[in-house]
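The values are calculated or read from the model by the stated rules, or taken from the named source; none is laboratory data. These numbers were taken from a predicted model, which means no experiment stands behind them. Glycine also receives a Cβ, built like all others from the backbone with ideal geometry; neighbour counts cover every protein chain displayed. Remember, those area values only see protein heavy atoms, side chains included, never the ligands or the DNA or RNA. Shrake-Rupley method; radii C 1.70, N 1.55, O 1.52, S 1.80 Å.
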Amino acid sequence: MASEKSLVAVTCTAPVNIAVIKYWGKRDEDLVLPINSSLSVTLHQDQLKTTTTAAISKDFTEDRIWLNGREEDVGQPRLQACLREIRRLARKRSSAGEEDPLPLSLSYKVHIASVNNFPTAAGLASSAAGYACLAYALARVYGVESDLSEVARRGSGSACRSLYGGFVEWQMGERADGKDSIARQVAPESHWPELRVLILVVSAEKKPMGSTAGMQTSVETSPLLRFRAESVVPARMAEMTRCVQERDFQGFGQLTMKDSNQFHATCLDTFPPISYLSDTSRRIVHLVHRFNAHHGQTKVAYTFDAGPNAVVFTLDDTVPEFVAAVRHCFPPESNGDKFLKGLPIRPAPLSDELRAALDVDPTPGGVKYIIATQVGPGPQTLDDQHAHLLGPDGLPKPAA
Ligand code: PMV
């Protein structure tokens, strides 16, 4: 057991991000180097975040990790890669003379505890926030100040984009050692205040194939994926950056939908094929296009990752009407869950014209609930000692 004064603990939080130009496929499995660049929006931590405490002590005899209160195997290769990488950076820093030569803390074992403020069961990608938070907390506790893209990336590729707030690109880089494969902020979280994000949580019928195995099979078998990476994404990265910089919602929304559709097309082009979308996902696609057609412009845009949940982008003044349309198409089932979570949404009626334009047979319960959120900041360090998830003995505090 650790004596109180010998323990150094830090607690950090990190956000979820959602890609609007998707990453799918590695050119180096070990270093987690992608076959194309990607661009994402960082979601606000008020609604979705991971909190991680990392503590080091000379009294700890082994590295240990607890996720959502349960101890997990610290020997997982991705976790080990993150730990190795952060310790390498810490050693590099101290040998560069920036600090006392080899501070004792470098040899200390670490205890890590991490929790999400959203249900893991909802099938929302939590690995990006989780590994970004791990990288950030480990860097603080070991005194590392260099770029953390590589540490986060080793856990989960998309995690490097959760190291920044606002709009973030992950430049694929060209070097074999991955030194130029880094995340960079394109615009800060304050850049587009009207932008809103609605997560439509869809009932998942089965556990989809994980992204690691999925993208590996796609790289091996899909000619469409190769074409996408080489001939489509470079121009899309430039165009998406322009749309963000100019706050061009029409362009942003259309390109977001096209890129999501192309990603899912490469999944179908994979052999054996992979399909992440469910019937409800496809009904949401249909609803969005009908909604936009009714208005004669792109007012809402969907994107889907490796699962059936939809993430919908829109501007604040469109939210109430779109949510009314979702309610009409997917009448909520009273299962005790609140249908609307997150940012408050003003109720709005559905006009007869829009109802007719949607032209759907309602699917009760298709959408379990909606989380309303917005663009948010990058990782934060919490100064309050009470925020620590580990007690002075280095073990998880009992859940409050
Ligand atoms: O970082 P991973 O291995 O979880 O892969 C993420 C893949 C997508 O979410 C489908 C796309 C992306 O760019 O986030």
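Taking the criterion of being buried (at least 16 other Cβ atoms within 10 Å of the Cβ) and under 28 Å from the mean Cα position of the chain (by Cα), the residues of segment 345-370 that qualify are Ile345, Gly366, Val367, Lys368, Tyr369, Ile370. So which of Met209, Met215 ends up being part of a helix (DSSP H, G or I), in contact (Cβ under 8 Å) with a residue 60 or more places away in the chain, within 16 Å of the ligand (Cβ to nearest atom) and over 26 Å from Ala293 (Cα atoms)? Sole residue among the options that is part of a helix (DSSP H, G or I), in contact (Cβ under 8 Å) with a residue 60 or more places away in the chain, within 16 Å of the ligand (Cβ to nearest atom) and over 26 Å from Ala293 (Cα atoms): Met215. Taking segment 4-29 as the range and being out of contact with any His (no Cβ under 8 Å at 6 or more places or on another chain) and away from the ligand (no atom under 16 Å from the Cβ) as the test, the residues that pass are Glu4, Lys5, Ser6, Leu7, Val8, Val10, Cys12, Thr13. Applying the selection to segment 41-67, what residues are surrounded by 20 or more Cβ atoms within 10 Å (Cβ to Cβ) and either among the aliphatic types (A, V, I, L, M) or within 16 Å of the ligand (Cβ to nearest atom) (or both)? Correct list: Val41, Thr42, Leu43, Leu48, Thr50, Ala54, Ala55, Ile56, Ile65.
Residues checked against (1) without any contact (Cβ under 8 Å) to a residue 12 or more places away in the chain; (2) out of contact with any Gly (no Cβ under 9 Å at 6 or more places or on another chain):
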site: Phe304; (1), (2): no, yes
site: Val312; (1), (2): no, yes
site: Leu315; (1), (2): no, yes
site: Pro320; (1), (2): no, yes
site: Arg327; (1), (2): no, yes
site: Pro332; (1), (2): no, no
site: Asp352; (1), (2): yes, yes
site: Val367; (1), (2): no, yes
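Reported count of residues in segment 273-290, each being part of a helix (DSSP H, G or I) and either surrounded by 18 or more Cβ atoms within 10 Å (Cβ to Cβ) or of a type in the set (A, V, I, L, M, F, W, C) (or both), is 7. Of all residues in segment 193-228, those satisfying the criterion of being open to solvent by 10 Å² or more (accessible area, probe 1.4 Å) and at pLDDT 95 or above are Pro193, Glu194, Arg196, Gln216, Thr217, Val219, Glu220, Thr221, Pro223, Leu224, Arg226, Phe227. The numbered conditions (1) assigned to a strand (DSSP E or B); (2) at pLDDT below 95; (3) not hydroxyl-bearing (Ser, Thr, Tyr) are all true for Met1 except (1).
Looking at segment 262-272, can you tell me whether even one residue there is open to solvent by 70 Å² or more (accessible area, probe 1.4 Å), within 16 Å of the ligand (Cβ to nearest atom) and in the same structural domain as Val367 (by the TED database)? Looking for residues that are open to solvent by 70 Å² or more (accessible area, probe 1.4 Å), within 16 Å of the ligand (Cβ to nearest atom) and in the same structural domain as Val367 (by the TED database), one finds at least one in segment 262-272, hence yes.
Across segment 150-187, which residue is nearest to the ligand (Cβ to nearest atom) among those that are over 14 Å from the mean Cα position of the chain (by Cα) and either outside any loop (DSSP other than H, G, I, E, B) or not assigned by the TED database to the domain that holds Leu39 (or both)? For segment 150-187, the residue satisfying everything is Arg154. Scanning segment 309-326 for residues that are part of a helix (DSSP H, G or I) and either within 26 Å of the chain's Cα centre (by Cα) or of a type in the set (S, T, N, Q) (or both) yields Asp316, Asp317, Thr318, Val319, Pro320, Phe322, Val323, Val326.
Under the condition of being surrounded by fewer than 21 Cβ atoms within 10 Å (Cβ to Cβ) and outside any helix (DSSP H, G or I), the residues counted in segment 327-336 number 6.
A count restricted to segment 371-400 and to residues that are hydroxyl-bearing (Ser, Thr, Tyr) and either open to solvent by 40 Å² or more (accessible area, probe 1.4 Å) or not in a strand (DSSP E or B) (or both) stands at 1. With respect to the conditions (1) away from the ligand (no atom under 16 Å from the Cβ); (2) of a type in the set (S, T, N, Q); (3) under 24 Å from Gly75 (Cα atoms), Asn117 falls short on a single one, namely (3). Restricting the search to segment 30-40, which residues are more than 11 Å from the ligand (Cβ to nearest atom) and either touching a residue at least 40 places away in the same chain (Cβ under 8 Å) or aliphatic (A, V, I, L, M) (or both)? Answer for segment 30-40, where residues must be more than 11 Å from the ligand (Cβ to nearest atom) and either touching a residue at least 40 places away in the same chain (Cβ under 8 Å) or aliphatic (A, V, I, L, M) (or both): Leu31, Leu33, Ile35.
Of the numbered criteria (1) under 22 Å from Ser281 (Cβ atoms); (2) within 16 Å of the ligand (Cβ to nearest atom), the one Ser203 fails is (2). Comparison of Ala306, Ala324, Ala293 shows that the only residue that is open to solvent by 50 Å² or more (accessible area, probe 1.4 Å) and of a type in the set (A, V, I, L, M, F, W, C) is Ala293.
When Arg247 is tested against (1) at positive phi; (2) more than 24 Å from the chain's Cα centre (by Cα), just one condition goes unmet, and that condition is (2).
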